[in-house]
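The values are calculated or read from the model by the stated rules, or taken from the named source; none is laboratory data. Owing to the predicted nature of the structure, the values given are computational and were not obtained by experimental measurement. Positions of Cβ are backbone-derived with ideal geometry, glycine not excepted, and every protein chain shown enters the neighbour counts.
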Amino acid sequence: MAAPGLPSADNRPVGLEVVVGMKNVPKATEKAFGLNKGQIDLMKEITKAKAEKAKDEDVLGRIANGEKNKPKYDSSNIQQDIARFGGGSGNVNGEGKAIQSPNAEEKQINRFEQAKKTGEQISSVMFYMDLLKIQNAGGNVNEEITRLKDRNPSFKALGVETLPLLQAKAQEAMLTDPTIGDILGQLSNLPPGDIAKQKAVFEDMVFTDQRFRDTLSANLHAVHEKILKLGEMTPEGKAKLATDTENAKKTLDDKAARITDAVSRAYKGGGSGLPKETTNDEVVEILKASNNESDFKRNLAGKMGIVNYGAVAEYLRIEKELAGLNKQLEGNLNDTPVEKTIERNTGNTKTTTRETTHKDGSQRKMLDDKAEAINKRIVELKGINNFDTDLATYRSVSDFVDSPGVKSEITEGISSSRELNTLSAKTAPEGKNISTNLDTRLSREDDLLAEMKTVIGKSLAEVWKKDQGEADTLNAEIYEKRIAEAGSEMEKKLIIAEATRYVDFNASTKETTIHGDNIMEGIQLLTLEDQGVMLEMARVMELTTDAKVKAIFAKTPDGKKSIYTPAQQIEQVNKIFDKIKENDKTNKTNNFEVLEKMMKNHGSEYRQKMYGSYLTMDAYLKEGVNGHLLRIGRKIKYEGSRRSMWEMVSGDGNKTVNYDQLNQIYKYCEPDITEALEQNSAANNFMKRMEAKGMAGNPGLLKKLAWLLFIVLGLGSGLGAAGVIPGLSAGGALGAAGGAAAAGGLGFGALKVGEAASGG
Amino acid sequence: MDQTATVANSVNMLRDRIYEDILTVMLQGLQDNKVDAPQARLIAKYALAHLGKASSTEDVMHFLDELPAKWELYKNMCVKFKYEEKAKEDVEKVKAIQNKLHAFIQ
């Protein structure tokens, strides 16, 4: 039955299928059909999925999860997409492989080659993941490879026959993405040069993650849509270009053939003829490389074996110059008198006389000197090895090129070659003249190339980001549940402090806050080990005051030394505890007993929280790789003194803690790291896999990795986990939902809560 | 193929057909304003959770009883499937009797 006030199915206007096909449905249209946006969106979703022949069970899954159908990229399109790069002059050949126009300009070829390389790299990752999935499900990979080779031109273009070969290509593709290579390389704490181990990490963490495959496909589809908008030449434009190109090529070939024959005749004719023959291809090459006859002469001379072209050219130039000089000098030898009228002032009278002068001696000398220098240079040039042979060759080449029958062929051949160049540039979209918009087109292609080159990294980041959000939210939910189920008010205060005092995730704003000052106060207390943890718990349970806790670590007035030695600090702590006991007696309460019980039940997890938060803060403030990992998918803000760890932790007495104390804290908390990793099945499996990958022989590296995991997984800090190293969950049996549950399992008391979360 | 595999295969095929029809009916229900988006999500969740776990024809039949009880628009679809299954069972029974008769005669 239709909703009240809305038209029923029977009196609704026709054309609902049109509405379902609309990108944006106006409100009025929705109303006319008596449907709301949610209904129309869902109808669109189902209709589209049916048209794409998606598996019904998957479609129901998406509807159930409220997910929109992500468009998928058809990997067989990759070669066609590649062919659109390079100004649109490319095409796919009969085998479906992208080919570039033979006459394309260098800048066009450059874009085409980049698209080819990147496109094939991306497709290698997609095909490899698909085949790996088949292999892992016990399917016949070789059969699938044969099928793909027959039916999918993009797979065929990769030229791989086996899964290991495809695997190598996919790994190479991952390594070329700076984002992924950097993050995974750093995450596994492997040196950048250790490619083999990085590849092992790809196998474990990325290639088996179907969510990554789907996201990559969807993102590539978006790029594909943009590639389609680049446009291509109209069929008429392409046909005309092909005809013109063919004609120009025919002329070029014809002229080249005639010139080749002429060269052959000149060679066979002997005398001052050419010393060598040329092939037709060589002549085509010379014609293409020549802008005029002079260029042709030089290029042909090169083919004829001239070694000292520069010297020969200089010789011919100065030989000509010398001839001119000699002519001038010959005239001067006659010392022809020159009559001049000269006016002179002598006193008040001006006299005019006619005198005969001779050629100026200095000018003659200058000409003599110049001629002498040229003669000297000629002697030098002639002394060059093979100079005479080169000179003779050049003269014969020059005579050949200038001969009337050949010259016109060369001129026309060069002209055809230049026409071919011009035609190759006429590959603009929609067949327009390229000269005005090729650069614009190539600039758009550059943008798309940049998108293609980062699509793998972007896709992986998106998957991680989603995980991160889920993990953080789940952690917050777990704390909420624990707070609601707390057995007493004091336990509640303790859990609230654990959830919010150090690293706090706000589930509604999705923002994580690192409370720097609280964390550093916690670190100071950790120097007192169990006593310090218990005191911190007493403080958050409001059994003592901030002032009393801070007083324990008070400094001398110059700020350089602590007032109390560590032993005295312990005494001060005990005094605070004694005071709580005293109050219990006075007030007839059992607070200290509760505190001891809390310490027994929650002390370990609270200690981990204090230390884990410190490591998280350290990673955040250092802004190194760990900090980067923490930031993936998170909005993080820092509250408190923005002092670097260098300032807070040093050998100086006036710093919060010194290095010795920090080492002491590490030793005190190290079992927590081991325990936390062991409790987390995903992290535990990851460590085992890393050991199996050949890191067992390097305990130091394993230890570092354990640390790194502890930090970036947020073990003990309250930060989520699965998202930072998605492969930990996605690569294992946990899957996406399991990943989130595993994240829950990272907190304290998390196993039971995590189980409850996954069971629900 | 052993008996268990045959049953599993048969259940899987039946399940896929039902999933297909659930979507078709859902689409029609959305068009006719008989179901809204949140209800559609519930139906999808319910179908995956219950039909997805079905390992025998009996389980599937039970699902076909439960689904229209919750959402009436699936009544016809479920009746159709139940009728088909019943008809198939009858055919198999007749075939079994025929085989027995054939063996008896020979």
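Miscellaneous remarks
- The number of residues in region A:48-67 that are more than 7 Å from every other protein chain (Cβ to nearest Cβ) and touching a helix residue (DSSP H, G or I) at 6+ places or on another chain (Cβ under 6 Å) comes to 1.
- Residue satisfying all of: in region A:577-612; at pLDDT 90 or above and touching a Phe, Trp or Tyr at 6+ places or on another chain (Cβ under 6 Å); nearest to residue A:553 (Cα to Cα) among these: A:580
- Check on residue A:574, in the same structural domain as residue A:609 (by TED's automatic domain parsing), modelled with pLDDT of 90 or more and surrounded by 11 or more Cβ atoms within 10 Å (Cβ to Cβ): yes
- Selection within region A:120-150: residues that are surrounded by fewer than 20 Cβ atoms within 10 Å (Cβ to Cβ), out of contact with any Asp or Glu (no Cβ under 9 Å at 6 or more places or on another chain) and in contact (Cβ under 8 Å) with a residue 60 or more places away in the chain. The member of this set that is nearest to residue A:170 (Cα to Cα) is A:133.
- Residues of region A:54-68 that turn out to be in contact with a Lys or Arg (Cβ under 7 Å, 6 or more places away or on another chain) and modelled with pLDDT of 75 or more, as a count: 2
- Residue check, residue A:382 outside the structural domain of residue A:262 (by TED's automatic domain parsing) and at pLDDT 70 or above: yes
Conditions tested, residue by residue: (1) at pLDDT 65 or above; (2) outside the structural domain of residue A:249 (by TED's automatic domain parsing); (3) part of a strand (DSSP E or B); (4) exposed (fewer than 12 other Cβ atoms within 10 Å of the Cβ).
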position	(1), (2), (3), (4)
A:287	yes, no, no, no
A:312	yes, yes, no, no
A:325	yes, yes, no, no
A:342	no, yes, yes, yes
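- Each residue in region B:12-23 was checked for being without any contact (Cβ under 8 Å) to a residue 12 or more places away in the chain and of a type in the set (D, E, K, R), and 2 of them qualify.
- Any chance residue A:169 is surrounded by 15 or more Cβ atoms within 10 Å (Cβ to Cβ) and within 19 Å of residue A:73 (Cα to Cα): no
- Where a residue in region B:24-48 is at positive phi and within 7 Å of chain A (Cβ to nearest Cβ) and its partner, wherever it lies, is part of a helix (DSSP H, G or I) and of a type outside the set (A, V, I, L, M, F, W, C), with Cβ under 8 Å and at least six apart: B:33/A:39
- Of the residues in region A:456-469, at least one is surrounded by 22 or more Cβ atoms within 10 Å (Cβ to Cβ) and either modelled with pLDDT of 80 or more or assigned by TED's automatic domain parsing to the domain that holds residue A:108 (or both).
- Single residue of A:430, A:419 found to be on the phi > 0 side of the Ramachandran plot, assigned to a helix (DSSP H, G or I) and at pLDDT below 80: A:430
- Candidates B:88, B:45 - the one that is in contact with a helix residue (DSSP H, G or I) (Cβ under 6 Å, 6 or more places away or on another chain), surrounded by 11 or more Cβ atoms within 10 Å (Cβ to Cβ) and basic (Lys, Arg): B:45
- Filter result for residue A:355 (over 30 Å from residue A:323 (Cβ atoms) and either more than 60 Å from the chain's Cα centre (by Cα) or modelled with pLDDT under 65 (or both)): yes
- Selection within region B:10-23 - more than 8 Å from chain A (Cβ to nearest Cβ) and among the aliphatic types (A, V, I, L, M): B:11, B:13, B:14, B:18
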